[in-house]
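Structure first, commentary second.
The values are calculated or read from the model by the stated rules, or taken from the named source; none is laboratory data. All of these numbers come straight from a predicted model, not from anything done at the bench. Positions of Cβ are generated from backbone atoms using ideal geometry, with glycine treated the same way; all protein chains shown enter the neighbour counts. With ligands, DNA and RNA removed, areas are computed over all heavy atoms of the protein, side chains included. Shrake-Rupley method; radii C 1.70, N 1.55, O 1.52, S 1.80 Å.
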Amino acid sequence: MRLWLQLLNELEVPVCRVAARPGRREGIQRAFALISRLGDGVFWYSLIAILPLVDGLDGLKAGLHMLATGGVALALYKSLKGFTRRERPCNYAIEITALVPPLDRYSFPSGHTLHAASFSTVAIHHYPELAWVLVPFTALVASSRVILGLHYPSDVLVATGIGLGLGYAASLLPG
């Protein structure tokens, strides 16, 4: 493992231990597992499918904009995970348990968070009135990844920054 990642892991493992404690309670674990599952695409693809039904061609345009941004986010997230190969906290520290099965081996950056931030940014660009739902949902998705023992705080913080930047950049494109 790269030295800088090992140092960062050592700094963040105590934070992960504290963040994961509430997830050991069954009700909290279920709630955050559901949020995480919805953030795995179910919520976003449902929103993309509903937009054209509710807003016709403008909804279709917004949905396609979100899909294109999601494709870029996926390529970026996969390449970063392959490059950094940061072990998940549940694989790095024996006392941290993954409360749901991870989708892949590495943690940096959080794909759930990166997609949530980028999708939310693009959707809010088209429909600012959705911010009251999308901003808290995105924050819950990011939090769920740490509470469930799957990510370090820096994984979700950096993913949030990348997702916001990507979503903002996508919103600047003519269309």
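Key figures
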item: Share of carbon and sulfur in the accessible heavy-atom surface of the range 1-145 [1.4 Å probe, %]; result: 68
item: Neighbourhood net charge (15 Å Cβ-Cβ; Lys/Arg +1, Asp/Glu -1) for P14; result: -1
item: Translational D in µm²/s for the range 102-159 (Stokes-Einstein at 4 °C, 1.567 mPa s, Kirkwood Rh from C-alpha pairs); result: 112
item: Semi-axis lengths, Å, the range 50-104, gyration tensor of Cα atoms, sqrt of 5 times eigenvalues; result: 36, 16, 5
item: Extreme residue, positive dipole direction of the chain, given options W4, L60, A159 (C-beta unit charges); result: W4
item: The chain - mean residue ellipticity at 222 nm from DSSP helices (-39,500 (n - 2.57) per run, n ≥ 4, rounded to 500); result: -25000 deg cm²/dmol
item: P(r) of the range 1-60 over all Cα-Cα pairs, binned every 10 Å from zero, in whole percent; result: 19, 23, 26, 19, 13, 0
item: Chain lengthening between K78 and Y168 when straightened (0.36 nm per residue, less Cα-Cα); result: 30.4 nm
item: Unit Cα scatterers, Debye sum, the chain: log10 I(q)/I(0) for q = 0.09, 0.12, 0.14, 0.15 Å⁻¹; result: -0.31, -0.54, -0.72, -0.81
item: Radius 13 Å from Cβ of K81, net charge of other residues (Lys, Arg +1; Asp, Glu -1); result: +2
item: Accessible area per residue, Å², the chain with all protein chains present, probe 1.4 Å; result: 51
item: Net length gained if the chain between W132 and A33 were fully extended (0.36 nm per residue, minus Cα distance); result: 33.5 nm
item: Residue-level accessible surface for Y127, protein heavy atoms, 1.4 Å, Å²; result: 30
